[in-house]
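The structure appears right after this line, and notes come after that.
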Amino acid sequence: MPRALITGITGQDGLYLAELLLGEGYEVFGLLRGQNNPKRPLVETTVPGVRLLTGDLADLSSLLRALQEAQPDEVYNLGAISFVAYSWENARVTSEITGLGVLNMLEAVRLHGGRERGVRFYQASSSEMFGKVQEVPQRESTLLWPRSPYGVAKVYGHHMTINYRESYGMHASSGILFNHESPRRGPEFVTRKVSTAVARVALGLQDRLVLGNLDAQRDWGFAGDYVDAMWRMLQQDVADDYVVATGRTHSIRDLLDAAFAHVGIDDWSGLVHQDPAFMRPAEVDLLVGDATKARTVLGWEPRVGFDELVAMMVEHDLAEQRALAGR
Ligand code: NAP
Ligand code: F7E
């Protein structure tokens, strides 16, 4: 039975990846931080087969202990402070977790004898590293130009992963994943903020939605498809870096069109307001990825398209909001 350790088990991707690995017959361990993490019950009910170990990406010895207990064949480093807007106000802690946390995890795997034991490592890199894009579409070789403390921290983790591969011969791969969403997406991210608000408007529970920049464009895919790409990367004989994306981009306005249309509202102009509080000091205007390498080498394909993804999220939030409102 293969064994896997996932950091970031309470997050969107951690839950989908745990489901995938359990389905593939893995013994799955998840790293849970904090002394009384409020998401423990969520993990225990969603993926009851996962064994939870406590540890923090800021604490090397806790990572070593987790590796010793889990004895994993594969380590998926998904843990991070992942909200870009938050990273300007908390640049130091974002650098420590999203950046230096990767070094801690790589170093823990190295000290654990990861290369000798054949441990394979996955780093959750991000399209945010492309920032002020130097090429359209973005591919593995595109120059990185991050635009936020989060993006800068991810660039550090990305290059450190490559460095551990080159310096120590570790099987360390980096997935440069473009935005991926789902009904499990945190409410602070724009897709979920929109799907929840649209559901609440449709149910008469809310009459306006306040957003920031409506013109940014993102290459949005479904998280369930993207964790499959992570797993495929670690099944390769040789570690490498891969862009994972749909190759299609949409603006926040397109997102609003699709989400409101799903509940029968064609004109949302009177329902959506803009507030500078949600604008970012530096914006990433356009992301669209070229996943040719992932398609050809990994045989990976995204299955869920943009309209289907938005419909899935709005449907989920309609049911959730109805239940919360006791209807
Ligand atoms: P998420 O929902 O925000 O989950 C982040 C996870 O990191 C949570 O489980 C969180 O645990 C954990 N974490 C935070 N601080 C930690 C620490 N000090 N030690 C250990 N764990 C810590 O993120 P996601 O969307 O699943 O994304 C997974 C990974 O992919 C992240 O690294 C993210 O940056 C990266 N990524 C995401 C996307 C995307 O579009 N979703 C795209 C590219 C890359 P708590 O619940 O305890 O806070
Ligand atoms: O913003 C605009 C905002 O916060 C998307 C993370 O998973 O993907 C994610 O980062 C766009 C931006 O995601 C609001 O300005 C407008 O242009 O949903 P988001 P993100 O910043 O792209 C990457 C790949 C990651 O790696 C990250 O971890 O939407 N936008 N108005 C808004 N965004 C938010 N959150 N809230 C608004 O009100």
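The values are calculated or read from the model by the stated rules, or taken from the named source; none is laboratory data. The structure displayed is predicted, hence computed values, not measured ones. Note: ideal-geometry Cβ built from the backbone for every residue, glycine included; neighbour counts use all protein chains shown.
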Q.
Can you find a residue that is in contact (Cβ under 8 Å) with a residue 60 or more places away in the chain and under 17 Å from Pro137 (Cα atoms) anywhere in segment 220-233?
A. yes
**Q.** Unique residue being in contact with a His (Cβ under 7 Å, 6 or more places away or on another chain), closer than 24 Å to Arg65 by Cβ and away from ligand 1 (no atom under 16 Å from the Cβ) when the list is Arg208, Arg120, Arg115
**A.** Arg120
Q. Of all residues in segment 206-220, how many are buried (at least 20 other Cβ atoms within 10 Å of the Cβ) and either among the charged types (D, E, K, R) or under 20 Å from Gly79 (Cα atoms) (or both)?
A. 2
**Q.** Only listed residue being within 14 Å of ligand 2 (Cβ to nearest atom) and under 26 Å from Gln236 (Cα atoms), chosen from Ala66, Ala70, Ala80, Ala85
**A.** Ala80
Q.
Please verify whether Ala197 is more than 9 Å from ligand 2 (Cβ to nearest atom) and either of a type in the set (Ser, Thr, Tyr) or not in a loop (DSSP other than H, G, I, E, B) (or both), treating the condition exactly as stated.
A. yes
Q) Do the conditions hold for Gly49, that is, is it in a loop (DSSP other than H, G, I, E, B) and either at positive phi or at pLDDT below 95 (or both)? A) no
Q) Of these, Leu32, Leu21, which one is under 20 Å from Arg120 (Cα atoms), surrounded by 15 or more Cβ atoms within 10 Å (Cβ to Cβ) and aliphatic (A, V, I, L, M)? A) Leu21
Q: Spot the failing condition for Phe189; the list is (1) within 25 Å of Val297 (Cα to Cα); (2) touching a strand residue (DSSP E or B) at 6+ places or on another chain (Cβ under 9 Å); (3) among the aromatic types (Phe, Trp, Tyr), and only one is missed.
A: (1)
Q.
Residue under question is Ser195, and the condition is that it be among the small types (Gly, Ala, Ser), crowded, with 21+ Cβ neighbours inside 10 Å and within 11 Å of ligand 1 (Cβ to nearest atom); does it hold?
A. no
Q: Inspect segment 152-160 for any residue being closer than 24 Å to Val310 by Cα and within 14 Å of ligand 1 (Cβ to nearest atom) and give the result as yes or no.
A: no
Q: Enumerate the helices (runs of 4 or more DSSP H) found wholly within segment 222-327, keeping only those where 3 or more residues are among the basic types (Lys, Arg) and within 14 Å of ligand 1 (Cβ to nearest atom).
A: none
Q: Go over the candidates Arg115, Arg147, Arg110 one by one and state the one that is over 16 Å from Ile176 (Cβ atoms) and in contact (Cβ under 8 Å) with a residue 60 or more places away in the chain.
A: Arg110
Q: Determine which member of the set Ala223, Ala259, Ala239 is closer than 19 Å to Val119 by Cβ and surrounded by 19 or more Cβ atoms within 10 Å (Cβ to Cβ).
A: Ala239
